[in-house]
Structures are given as C-alpha cells and as structure tokens.
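Working notes for the structure below.
The values are calculated or read from the model by the stated rules, or taken from the named source; none is laboratory data. Predicted model only: the values in this text are computed from it and were never measured. Every residue, glycine among them, receives a Cβ derived from its backbone with ideal geometry; neighbour counts consider all protein chains shown.
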C-alpha cells in the first residue's frame, strides 16, 4: 500500500525473470533485485534499465475487508502488442511465452515458446 492505495503488477521482471516481490520499493518504484531494473507500480512503465518492456498491471478493488485483483491485466498504453507486418502470400507467426524457468546458480532463464497462430494475407 502506497499513500493509502494498493497496486498490483506482475511479480516476474520483464528483463530476465527476476523476483520483483523480493525487490526494494522506493516511493512508487519497485527495483528488481537481480539487475536493478525499476518499474512504476502505478503504470508498469520502466523507469530504469536494463529492462525495456513494461510490466502488466492489474485493477485492484476493496470489498469489505477483501482485496480483489483482476485476473487479466489492465489494457492501456503499457500493453505490449506484437508488431507483425505481412506481405501478400507470406505467413506470420505470433509467439507466446508459456513458461520461464530459473536456472539455479545463474541469472538466466529458460523460456518455452509456442507458435500461437499462423496467418496468410
């Protein structure tokens, strides 16, 4: 809670998968403990590299004594949209991250990607 308001964002850093829940909160900024990337918890925007992709943020509501967090990210300017330019008769593929696994003893992650869709224009 910051100044009486609760914020929710992805807990896995968009840079290398660091644990943001273990990071340091300074004002409205959370710092990733792995490489120092910083994000604004209100918008998810990157405020300090090396990360260059914003974090997803989620709507938070209070109901009685319960904190309710939306299951899907807030749609907005910080949403990352794939840019695909396809010429006539050319196939394009959209890749979606399915899983990230931390490799013990390193700061690297293995990512599993799947072909989401193929389309022809």
(request) Could you grab me the full set of residues in the stretch 9-39 that are within 19 Å of residue 61 (Cα to Cα) and surrounded by 18 or more Cβ atoms within 10 Å (Cβ to Cβ)? (result) 9
(message) Which count do you get for residues in the stretch 21-45 that are more than 15 Å from residue 2 (Cα to Cα), in contact (Cβ under 8 Å) with a residue 24 or more places away in the chain and assigned to a strand (DSSP E or B)?
(response) 0
(request) Pull up the stretch 54-75, narrow it to residues that are surrounded by fewer than 13 Cβ atoms within 10 Å (Cβ to Cβ) and under 13 Å from the mean Cα position of the chain (by Cα), then point me to the one that is modelled with the highest pLDDT. (result) 72
